[in-house]
Amino acid sequence: MIVDSHHHLWDPSRRAYPWMGEALKPIRRRFGPEDLEPLLHQSSVDRTVLVQTVSSGDETRELLGTAAESDFIGGVVGWVDLTDGGVERSISSLRAAPGGGRLAGIRHQVQDEVDPDWLLKPQVQRSIAAIGEAGLVYDLLVRIEQLPSALETAKRHPEVQFVLDHAAKPRIAAGSKDSEWEALMTPFADRPNVTCKLSGLITEADWATWTPEQLEPYVRRILGWFGRDRCMFGSDWPVCLLAASYSEVMDAMKAIVGDDDSIFGTTAARVYGL
């Protein structure tokens with residue numbers, strides 16, 4: 001089974017996406033399951049993980065409903081408010097909604113928080129523990145400055161399964177080795193409860209001039225830290241369309257890691273319970 005562990009669906013005519021600024025205008029339109037399904041067939045992808053894009057329980061319920069009607073969506077990473085003390089109730093409500101059985105994880109867009117230690121707020125920490133107790137994964141969407149709090153969170157909750165989205169976004173477009181990213185990522189090698197998505201790297205490189213050869217040193221470092229059984233492929237479609245087609249993203253990763261069963265399937269299936 002080939003799994004794409006990270007993609008989105010959205011419709012700007014129905015909802016505001018604050019992060020979708022002018023630079024993202026080429027993808028500021030509706031993307032639905034009917035747009036993705038033929039691309040999956042072309043790349044022989046069997047299952048996907050659909051990931052939230054805004055801080056909205058309503059969006060998560062819509063994504064679950066879409067998953068219920070789409071055979072290829074094996075799991076949904078949704079959103080709940082980690083700051084209000086009602087995570088257990090929110091999760092129960094989502095699970096009772098149409099498609100609720102496909103809720104696989106929770107994510108908050110921590111990369112957009114001003115406080116680099118937002119994850120360490122006491123209520124957020126209690127909520128993350130509750131997510132683990134509910135049997136759900138927690139996706140870490142962070143940038144380099146938030147990696148220390150992400151690492152501390154993983155240490156405090158060894159029973160929770162964490163997934164590091166987009167490898168914490170190394171600054172590939174800068175054109176030189178990102179030593180700060182490397183130093184902050186290295187300690188995750190010792191956290192067996194953290195897996196890493198090989199996703200979103202193409203859009204961290206130069207959108208017009210990227211090559212698989214530019215990505216390879218970063219991917220090799222990630223594989224060295226996490227091992228292949230703690231890494232998973234994600235297309236980050238349709239964000240990836242800023243720089244590459246769906247098949248180009250898949251082909252670039254295969255050129256670097258080969259047809260690896262763990263990276264392209266079994267890790268995501270195991271972690272997200274697909």
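Which ones in the stretch 104-123 are under 19 Å from the mean Cα position of the chain (by Cα), in a helix (DSSP H, G or I) and surrounded by fewer than 22 Cβ atoms within 10 Å (Cβ to Cβ)?
Within the stretch 104-123, Q111, D112, W118 qualify.
Touching a strand residue (DSSP E or B) at 6+ places or on another chain (Cβ under 9 Å) and under 30 Å from T266 (Cα atoms): does that describe M20?
For M20, the condition - touching a strand residue (DSSP E or B) at 6+ places or on another chain (Cβ under 9 Å) and under 30 Å from T266 (Cα atoms) - is not met.
I'm trying to understand the selection: among the residues of the stretch 134-153, which are hydrophobic (A, V, I, L, M, F, W, C), under 22 Å from V49 (Cβ atoms) and in contact with a Leu (Cβ under 8 Å, 6 or more places away or on another chain)? Show your work before the answer.
If we filter the stretch 134-153 for residues that are hydrophobic (A, V, I, L, M, F, W, C), which is where we start, we get 134, 136-137, 140-142, 144, 147, 150-151.
Right, trim to under 22 Å from V49 (Cβ atoms) and you get 134, 136-137, 140-142, 150.
Once the filter is applied, which keeps residues that are hydrophobic (A, V, I, L, M, F, W, C), under 22 Å from V49 (Cβ atoms) and in contact with a Leu (Cβ under 8 Å, 6 or more places away or on another chain), the stretch 134-153 yields L136, L140, V142, A150.
Here's the yes/no breakdown for (1) closer than 18 Å to L40 by Cα; (2) out of contact with any Asp or Glu (no Cβ under 9 Å at 6 or more places or on another chain); (3) surrounded by 21 or more Cβ atoms within 10 Å (Cβ to Cβ):
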position: T186; (1), (2), (3): no, yes, no
position: F233; (1), (2), (3): yes, no, yes
position: D251; (1), (2), (3): yes, yes, no
position: I256; (1), (2), (3): no, no, no
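From (1) surrounded by fewer than 17 Cβ atoms within 10 Å (Cβ to Cβ); (2) of a type in the set (A, V, I, L, M); (3) outside any loop (DSSP other than H, G, I, E, B), pick out the condition that doesn't hold for L94.
Unmet condition: (1).
Would you check which residues across the stretch 72-91 are over 25 Å from T48 (Cβ atoms) and either free of Cβ contacts under 8 Å to residues at least 24 places away in the same chain or in contact with a Phe, Trp or Tyr (Cβ under 7 Å, 6 or more places away or on another chain) (or both) and list them?
Result: G86, R89.
Where residues in the stretch 58-82 are outside any loop (DSSP other than H, G, I, E, B) and polar (S, T, N, Q), which of them is surrounded by the fewest Cβ atoms within 10 Å (Cβ to Cβ)?
My answer is T66.
Only one of (1) closer than 20 Å to D165 by Cβ; (2) part of a loop (DSSP other than H, G, I, E, B) is not met by G85, so which one is it?
Exception for G85: condition (1).
Starting from residues that are of a type in the set (S, T, Y) and not in a strand (DSSP E or B), keep the ones in the stretch 1-17 and report whichever is surrounded by the fewest Cβ atoms within 10 Å (Cβ to Cβ). Show your work before the answer.
First, the residues of the stretch 1-17 that are of a type in the set (S, T, Y): 5, 13, 17.
Those left that are additionally not in a strand (DSSP E or B): 13, 17.
Numbers: S13: 7, Y17: 16.
Going through the qualifying residues, I end up with S13.
For L140, state whether it is in contact with a Cys (Cβ under 8 Å, 6 or more places away or on another chain), surrounded by 24 or more Cβ atoms within 10 Å (Cβ to Cβ) and closer than 20 Å to M232 by Cβ.
No, not satisfied.
How many residues are surrounded by fewer than 20 Cβ atoms within 10 Å (Cβ to Cβ) and touching a Ser or Thr at 6+ places or on another chain (Cβ under 7 Å) when one looks only at the stretch 258-274?
0
Output the number of residues of the stretch 188-204 satisfying the condition of being of a type in the set (A, V, I, L, M, F, W, C) and surrounded by fewer than 21 Cβ atoms within 10 Å (Cβ to Cβ).
1
Say we look at the stretch 18-57 and pick out the residues that are outside any helix (DSSP H, G or I) and among the hydrophobic types (A, V, I, L, M, F, W, C); which of these is surrounded by the most Cβ atoms within 10 Å (Cβ to Cβ)?
Out of the qualifying residues, it is V49.
Name the pairs whose Cβ atoms lie under 9 Å apart, with the first residue in the stretch 115-129 and at pLDDT 95 or above, the second among the basic types (K, R), and 6 or more positions between them or separate chains?
Between residues of the stretch 115-129 that are at pLDDT 95 or above and residues that are among the basic types (K, R), the close pairs are D115/K121; P116/R143; L120/R156; Q125/R156; I128/R156; A129/R156.
Answer with yes or no whether L140 is closer than 17 Å to A268 by Cβ, among the hydrophobic types (A, V, I, L, M, F, W, C) and out of contact with any Pro (no Cβ under 9 Å at 6 or more places or on another chain). Give the derivation first.
Working: closer than 17 Å to A268 by Cβ: yes; among the hydrophobic types (A, V, I, L, M, F, W, C): yes; out of contact with any Pro (no Cβ under 9 Å at 6 or more places or on another chain): yes.
Yes; evaluated as a whole, the condition is true for this residue.
The values are calculated or read from the model by the stated rules, or taken from the named source; none is laboratory data. Every value quoted in this text rests on a predicted model; they were computed, and no experiment measured them. Glycine also receives a Cβ, built like all others from the backbone with ideal geometry; neighbour counts cover every protein chain displayed.
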